[in-house]
1. Which of (1) loosely packed, with under 15 Cβ neighbours inside 10 Å; (2) modelled with pLDDT of 95 or more; (3) under 20 Å from the mean Cα position of the chain (by Cα) is the odd one out, the single condition residue 386 does not satisfy?
2. Mind checking which residues of region 370-406 are free of Cβ contacts under 8 Å to residues at least 12 places away in the same chain and among the acidic types (Asp, Glu)?
3. Could you please find all residues in region 1-29 being farther than 14 Å from residue 81 by Cβ and part of a helix (DSSP H, G or I)?
4. Scan region 334-358 for residues that are surrounded by 15 or more Cβ atoms within 10 Å (Cβ to Cβ) and part of a loop (DSSP other than H, G, I, E, B) and report the count.
5. Here are some conditions: (1) at negative phi; (2) of a type outside the set (D, E, K, R); (3) in the same structural domain as residue 297 (by TED's automatic domain parsing); (4) at pLDDT 90 or above. Residue 344 meets all but one. Which one does it not meet?
6. Taking into account only those residues within region 77-136 that are of a type in the set (Lys, Arg) and in a loop (DSSP other than H, G, I, E, B), which is nearest to the chain's Cα centre (by Cα)?
7. Evaluate the following for residue 264: is it among the charged types (D, E, K, R), at pLDDT below 75, crowded, with 19+ Cβ neighbours inside 10 Å and assigned to a helix (DSSP H, G or I)?
8. For region 48-75, which positions are among the hydrophobic types (A, V, I, L, M, F, W, C) and surrounded by fewer than 19 Cβ atoms within 10 Å (Cβ to Cβ)?
Amino acid sequence: MSGEECFKILEKIFIPKTQNNQNEIKGYTIKYGYIVENGKKIDEVLVSYFKSPKSYTRENMCEINTHGGNLIVRKILEICLKNGAELAEPGEFTKRAFLNGRIDLLQAESVIDVINAKSEKELKAGINQLEGRLSKEIKEIKKKIMEVMVSVEADIDYPEYDLEEVTLVEINQMLDEVIEEMKILEKSFDNGKILKEGIKTAIIGKPNAGKSSLLNLILDEERAIVTEIEGTTRDTIEEFVTVEGIPLKLIDTAGIRDSSDKVEKIGIEKSIEIAKNADFILAIFDSSKDLTDEDKQILDIIKEKKSIIILNKIDLETKIDENTREIKEACKSIIKMSTLKQQGLRELYEKISEMFGLEEINLDNDNIITNIRHKNLISKAINSCYEGKKAMENKMPLDIIAIFLREILENLDCITGDFVTDDIINEIFSKFCLGK
């Protein structure tokens, strides 16, 4: 519970083993006792006390640590509500922390990134933002703009002084600096998007080339049905996996071939569409068989895509290899594997790591943008920088140039929450779970 009344509610429902006046209890302490209702003991609990302003929300807070089990937890929740508590809205605790000034909006959004992290790198990026590292960089950029804005406002307010020439030089130099810094942040979203959303990876190939076997091998579980019967996979199977720190959203598709089966035909059309829209393709071929028209259709699909060709079934006598003309022309990244013998998986992982280069991200030193809202606002701020430079080139009045400088600040303020509407705040925190 959090809020001005939380200790008063607690007094009604909690009997500590050793009685103390609420004012005597220090923050960061735990009391042992019982939750009661109408004088009847409901459960033996530990209650943690956090006193304003030294709490998650900067309000008085308490946490009731009860025995596990849905029944007892629900019962204690009902007792709290009967005695004046109200259910929190999604993200309300973090929202209060933001509104009470303990964290800024960027840090608040990072809480859900930490909770939803699917890889070590994504978790690290979220923790960095929660600690305020990205906020600090945004504030440093704002500080540079504000220092110049002082001169701009002085020139506008006191036109009788001949300061404009100096101010224009300052503005131009400052804009060049902040454009460079913000472009680095904007570019970091390419990697940030991968960390957060994963790389949409389509596994495509003919029936029985080994697509489902490859999925099972990567996942280390029997996720997809594997048989000698062609056309077993008729719909897509999606799984999230981390390979060498790189999150992949794997999509196992129906085998691509000519088929008269209506259901299978729909699956094949869906496979081709998924492959065309994928960020990355693992195209798997049966190396023990000659290339067919279906294989060549797959090679055509991957020619313009980021992809790896997997020559599977190298445990059998091979008829195609990395020197086969059609294979060489379609893709430079070629891996030999035997999904049956579990050979070649390490080489595949190394090739994926090499292609996406996430090992180059130094999360100890670099700030990474993982949130599309932040990226869009930074892009708008960069655009305002260029508009300001264009206004100076066109010898526009200083008060017009100042408009663009204010736009840059407003966009950056929207990231940290210094300037943001209630609608945006409510939308952000609606994505949180009730417990945070």
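The values are calculated or read from the model by the stated rules, or taken from the named source; none is laboratory data. Model, not experiment: these values are computed from the prediction. Cβ coordinates were reconstructed from backbone atoms using ideal geometry, including for glycine residues, and neighbour counts include every protein chain displayed.
1. The number of the failed condition is (3).
2. Scanning region 370-406 gives a single hit, 393.
3. Result: 7, 8, 11, 22, 23, 24.
4. Here the count works out to 4.
5. (1)
6. 118
7. yes
8. 71, 72, 73
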